[in-house]
1. Would you pick out the residues in segment 174-197 that are part of a helix (DSSP H, G or I) and either under 15 Å from the mean Cα position of the chain (by Cα) or within 16 Å of residue 47 (Cβ to Cβ) (or both)?
2. Criterion first (part of a helix (DSSP H, G or I), more than 21 Å from residue 181 (Cα to Cα), touching a residue at least 60 places away in the same chain (Cβ under 8 Å) and out of contact with any strand residue (DSSP E or B) (no Cβ under 8 Å at 6 or more places or on another chain)) does residue 129 satisfy it?
3. When the residues of segment 14-66 are filtered to those that are closer than 20 Å to residue 140 by Cβ and assigned to a loop (DSSP other than H, G, I, E, B), which remaining residue is modelled with the highest pLDDT?
4. Being without any contact (Cβ under 8 Å) to a residue 40 or more places away in the chain, in a loop (DSSP other than H, G, I, E, B) and crowded, with 17+ Cβ neighbours inside 10 Å: is that true of residue 110 here?
């Protein structure tokens, strides 16, 4: 009997016939995106925990966040297919239905970001941008002590932490619903191919 060759997903790990039941994975998050993600998370947390007490470290973390934001915007156009912003509009439009279906445990399967993840990406990038830009403005001669800059910086920073907590909770819950370690995927860059557990 002749077996037909089944095309593999691009970037999939080859398996021998003996372990075809083992999970197969596909490369999703490239190394620059993964390094960016963890550096960004560390910088945002460093900025959150250091204002007024460690001002120098707070400013360094804030400027690092700005540089990492610039990198992510560029990587959204030049990174691999899962790093690019080309599907943001489609996924944002799908987000309300996706979130509604989550109530019943219907998650669908997305190799890259799902619609809820895309919504969180946009919310985090925007709120962090507002926080970092107003923080940088608040130490300039022109805007130092200007109340609305300081208030906007404080409120945006609080919103960032709320969104970070929601992001972590969402990743853990989605991982449980889909039986996949999404934190490991952001470390290794690989996710399970649909239908393999």
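1. 174, 175, 182, 183, 184, 185, 186, 187, 188, listed by residue number.
2. Details: part of a helix (DSSP H, G or I): yes; more than 21 Å from residue 181 (Cα to Cα): yes; touching a residue at least 60 places away in the same chain (Cβ under 8 Å): yes; out of contact with any strand residue (DSSP E or B) (no Cβ under 8 Å at 6 or more places or on another chain): yes.
Criteria met by residue 129.
3. Going through segment 14-66, the residues closer than 20 Å to residue 140 by Cβ turn out to be 47, 50-52, 55-66.
Among the residues that remain, those that are also assigned to a loop (DSSP other than H, G, I, E, B) are: 50-52.
Details: 50: 93, 51: 89, 52: 84.
Going through the qualifying residues, I end up with 50.
4. Details: without any contact (Cβ under 8 Å) to a residue 40 or more places away in the chain: yes; in a loop (DSSP other than H, G, I, E, B): yes; crowded, with 17+ Cβ neighbours inside 10 Å: yes.
Yes; evaluated as a whole, the condition is true for this residue.
The values are calculated or read from the model by the stated rules, or taken from the named source; none is laboratory data. Since the model is a prediction, treat every value here as computed from it, not as a measurement. As a convention, Cβ positions derive from the backbone with ideal geometry for all residues, glycine included, and neighbour counts pool all protein chains shown.
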